[in-house]
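Structure, as structure tokens:
The values are calculated or read from the model by the stated rules, or taken from the named source; none is laboratory data. All values derive from a computational prediction rather than experimental measurement. A quick note on method: Cβ atoms are made from the backbone with ideal geometry, for glycine too, and the neighbour counts reach across all protein chains shown. For the accessible areas, the whole protein counts, side chains as well, though only heavy atoms, and no ligand, DNA or RNA atoms are used. Shrake-Rupley method; radii C 1.70, N 1.55, O 1.52, S 1.80 Å.
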Amino acid sequence: MLLCDFHIHTTYSDGALLLSKVVDLYGRSGHDVVAITDHIVNRDNPLGKIAHATGRSLNHESWKRYVEEIRKEAERAWRTWGMVVIPGAELTRNTVHRDTSVHVLALGLEEYLPADGDPIDMLREIRAHGAISVACHPHETSELFANTWYLWNRRPILGDLVDLWEVANRWELFPVVTREILPHCANSDFHRPEHLFAWKTLVRAERTASSVLQALRRGSGIGLMRLTPERAAASA
């Protein structure tokens, strides 16, 4: 079982650490697989425009630098730590109402996708680009900004467009996901160093990006754990 975190932010959007620092932090703590998933925020409403104006979102221009640095850091992470680094993004549509807000990870994404327009079309585009979709913090949380209910409230009509649902995000658990027997994973939603010690996903797969993504697409061989400083030290 590989220790994985598929929801990680860097200074390319609203994270506190440079990409290289994130890679070393996770490598030292014994992680086997990480996905870098900085925000691509919608630009078609005032909240989205603010995110772009304040540098909290990737855009067409920064995306090129982003994927190139992920590629270089993935090579270094493998040489230094034996850790797999997967490219991705968190497509982010922020609104003032939780029923119209949606955050979805696109794991394995290598081309820029905007977060504007219909979220269901966004899911179709993620699938068309061969990436894995993960509904982020899909239900009630203690952090108001993360109350993104759009996908959850429409789950009967989404079919298989959502590959996985976060059953745990940072310190939160969402039992409603398991009660509905939805395929799921757990992530830290990493923004700052203390978020390293949060929920993780265990994946039964070979230590390659393609094998891990295939396992996620199947939704099988997946477990959950909460990382603690003691466990991180033992893993390292």
Reviewing (1) 130; (2) 108; (3) 163, the figure for volume of the Cα convex hull per residue in Å³ actually calculated from this model sits under (2)
Filtering trypsin sites (Lys or Arg not before Pro) in segment 101-155 by DSSP loop and by at most 15 other Cβ atoms within 10 Å leaves R154
Per-residue accessible area, 1.4 Å probe, largest first, puts V67, V96, V23 in the order V96, V67, V23
Phi-derived 3J(HN,Hα) across segment 74-84 with the Karplus relation (6.51, -1.76, 1.60, θ = phi - 60°), rounded Hz, x for Gly and Pro, is 5, 5, 5, 4, 5, 5, 8, 10, x, 10, 8
Answer in debye to the nearest 20: the dipole magnitude of segment 31-87 about its Cα centre, from +1 Lys/Arg and -1 Asp/Glu charges placed on Cβ, is 140 debye
With Cα springs under 10 Å, the Gaussian network model of the chain assigns the largest mean-square fluctuation among V41, V104, V177 to V177
Most fluctuating of P138, P175, P183 in the GNM of the chain (C-alpha, under 10 Å) is P175
Of H137, H97, H195, the most mobile residue in a GNM of the chain (C-alpha springs, cutoff 10 Å) is H97
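If we count every other residue with Cβ under 9 angstrom of V23's Cβ, Lys/Arg +1 and Asp/Glu -1, where does the sum land?
0
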Taking Lys and Arg as +1 and Asp and Glu as -1, residues besides G55 with C-beta under 14 Å from its C-beta add up to +1
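Please list I126, I50, I157 from largest to smallest accessible area, probe radius 1.4 Å, with all protein chains kept in place.
If we order I126, I50, I157 from most to least accessible, we get I157, I50, I126.
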With all protein chains present, the chain has a carbon and sulfur share of its accessible area (1.4 Å probe) in percent of 53 percent
D (µm²/s, integer) via Stokes-Einstein for segment 1-87, Kirkwood Rh across alpha-carbon pairs, 4 °C, 1.567 mPa s: value 97 µm²/s
With every protein chain kept in place and a 1.4 Å probe, the residues S210, S57 fall, from largest accessible area down, as S210, S57
Probe 1.4 Å, heavy atoms of protein chains only: per residue, the accessible area of the chain in Å² is 44 Å²
Any residue on another chain or 5+ positions along whose placed amide H is under 5 Å from the amide H of L18 is listed here as T11
For segment 70-148, the Cα-Cα pair-distance distribution in 10 Å bins from 0, as whole percents, is 18, 40, 28, 13, 1
